[in-house]
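The values are calculated or read from the model by the stated rules, or taken from the named source; none is laboratory data. Small disclaimer: the values here were computed from a predicted structure and weren't measured. Cβ sites come from the backbone with ideal geometry, for glycine too, and all protein chains shown count toward neighbours. Ligands, DNA and RNA are stripped out before the accessible areas are found, and what is left, the full protein with its side chains, is counted by its heavy atoms. Shrake-Rupley method; radii C 1.70, N 1.55, O 1.52, S 1.80 Å.
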Amino acid sequence: MLDAIAGARRQILLEMYLVQSGRITEQFITALGAAAQRGVRVCLLLDDFGCRGLIAGDRARLRSHGIELLLYNPLQFGTLRRNLFRDHRKLLVVDDSCAFVGGAGITDDFDVASHPHLHWHDVMVEIRGPLVSDWQAVFEHNWSHWATTPALLRGDGIHKIGTQAGRVSLAGPGTHAAIKRALLQRISRAQQRVWLATAYFVPSWKLRRRLARAARRGVDVRLLLPGPHTDHPAVRHAGRRFYRRLLRAGVRIYEYQPRFQHAKMALLDDWVAVGSSNLDRWNLRWNLEANQEIDAPDFAAATAAMFATDFSVSQEYHAHTWGQRSRWSRVAERFWGAVDRWLDRQARH
């Protein structure tokens with residue numbers, strides 16, 4: 001991403017949820033500032049809640065370079081429900097040449113140098129070809145709600161031909177069901193494998209049922225979930241209450257051990273989705289999300305190899321031993337499961 005910014009000639013569009021001051025952010029501020037000084041238009045759309053760790057000095061430096069900085073849905077007192085809507089997307093578009101989409105934020109949590117043993121595990125995909133214009137349109141649509149001037153500088157168009165079939169998949173106001181619907185349909189049609197990775201696993205009843213049905217008909221269904229390293233232990237406990245029935249249905253569940261498993265990936269036969277959307281009810285109800293879908297055997301093979309590496313350093317649970325977990329784990333699952341149900345009811349009102 002930094003190399004792409006360094007090579008930018010006309011415009012840089014960056015939409016990001018998690019941004020915190022630190023070593024990584026310093027690199028981005030330097031690169032974006034240098035681009036702005038050589039005449040590149042730089043547009044930053046940051047979520048107001050997600051970037052609360054970006055200190056005032058860094059915000060001032062961005063603006064001093066001539067960078068256009070806007071905040072999505074600024075937090076306001078007395079508007080709790082409105083404050084729940086967040087821009088969870090992670091998207092960078094540079095000129096007409098490339099885009100990056102995935103689950104990583106601009107924070108030192110993802111920096112190997114800052115956290116050599118506990119940096120977060122995540123995935124981004126680099127996109128070239130005709131789909132770049134689709135991602136430009138995604139950014140422009142969101143930017144237009146908060147800015148008085150358009151973000152896009154119309155160029156000569158993208159001349160590179162794409163070599164793989166792909167599609168932009170979004171969730172947002174009025175379209176929250178789109179990503180979920182596509183995933184459920186793919187699970188129902190899967191013949192060989194359904195491999196899912198998510199940072200937060202509090203699935204809907206429909207998703208749990210589809211996973212169980214796929215496993216029962218002989219599909220290789222696997223979940224790659226966070227282990228002991230997570231930024232929200234309560235969410236992990238709330239999701240673990242679903243393990244027993246899924247395991248009994250034949251779903252294989254892996255908890256990643258080395259670091260925090262923050263990636264959001266889906267591999268269903270030869271179809272892949274990489275992006276910002278987790279498999280939890282909150283995520284799909286309130287957040288703006290963005291996934292890149294790819295339908296290509298070679299990309300699927302590379303994704304499968306990545307999954308295989310992650311499975312090899314994960315702890316797999318089994319139906320016949322799941323009941324042997326500690327009493328503390330059972331209590332935590334019941335407690336946080338009750339909290340999850342209460343929050344879900346409140347959110348529906």
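Just a few scattered comments:
- Pairwise FRET efficiency - ARG245 versus TRP328, Cβ, R0 = 22 Å, nearest 0.05: 0.55
- Area accessible to solvent at TRP146, 1.4 Å probe radius, in Å²: 80
- Charge dipole magnitude, Cβ of K and R +1, D and E -1 - the chain, Cα centre, debye nearest 20: 1980
- Residue among PHE311, SER277, GLY250 farthest towards the positive dipole end of the stretch 159-311, charges placed on Cβ: GLY250
- Among the protein heavy atoms, those of LYS90 account for about 10 Å² of accessible surface (1.4 Å probe, every chain in place).
- Apportionment of accessible area to carbon and sulfur, the chain, percent (1.4 Å): 55
- Simple label model, 7 Å out from Cα along Cβ direction - GLU26 to ILE55, nm: 1.0
- Residues of the stretch 16-35 falling in the label zone of LEU75, defined by backbone nitrogen less than 16 Å from a point 7 Å along Cα to beta-carbon, are 17-21.
- The stretch between SER188 and HIS117, if pulled fully straight at 0.36 nm per residue, gains 21.7 nm over its current Cα-Cα span.
- Based on protein heavy atoms only, the stretch 282-329 ends up with 50 Å² per residue of surface accessible to a 1.4 Å probe.
- Net charge dipole size for the stretch 62-148 [Lys, Arg +1 and Asp, Glu -1 on Cβ; Debye, nearest 20]: 460
- With all protein chains kept in place, the per residue accessible area of the stretch 183-222 amounts to 47 square angstrom at a probe of 1.4 angstrom.
- Residue-span extension gain [ASP3 to THR321] - 0.36 nm each, minus C-alpha spacing: 109.7 nm
- Note: relative contact order over the chain, using C-alpha pairs below 8 Å and six or more positions apart, is 17 percent.
- Karplus (6.51, -1.76, 1.60) ³J(HN,Hα), θ = phi - 60°, over the stretch 60-74, in Hz, Gly and Pro reported as x: 5, 5, 4, 5, 5, 7, x, 6, 8, 10, 10, 10, 7, 6, x
- Relative to the longest principal axis of the Cα atoms of the chain, the long axis of helix 131-143 lies at roughly 80 degrees.
- TYR72 long-range amide H proximity, modeled H, under 5 Å: LEU46, ASP47, ASP48
- Positive-end residue, the chain charge dipole about Cα centroid, Cβ charges, pick of GLY7, ALA301, PRO226: PRO226
- Based on DSSP H segments of at least four residues, each scored -39500 (n - 2.57), the chain has a per-residue ellipticity at 222 nm of -11000 deg cm²/dmol.
- Rounded to the nearest Hz, the phi-derived 3J(HN,Hα) couplings of the stretch 45-58 under the Karplus curve 6.51 cos²θ - 1.76 cosθ + 1.60 (θ = phi - 60°) are 10, 10, 5, 5, 6, x, 9, 5, x, 8, 5, 4, x, 5, where x marks glycine and proline.
- Taking amide hydrogens as placed 1.01 Å from N in the peptide plane, the amide H of CYS51 sits under 5 Å from those of VAL19, each at least 5 positions away in sequence or on another chain.
- Whole-angstrom gap from the stretch 179-251 to the stretch 53-114, using each part's C-alpha centre: 29
- 3J(HN,Hα) along the stretch 205-216, derived from phi through the Karplus expression 6.51 cos²θ - 1.76 cosθ + 1.60 where θ = phi - 60°, amounts to 4, 4, 5, 4, 5, 5, 4, 5, 5, 4, 5, 5 Hz, with x in place of Gly and Pro.
- Virtual spin-label span in nm between ALA338 and ARG167, 7 Å along Cα→Cβ: 4.3
- Once backbone amide H atoms are built at 1.01 Å from N, ARG252 has VAL221, ARG222, LEU223 as its partners under 5 Å, excluding neighbours fewer than 5 places away on the same chain.
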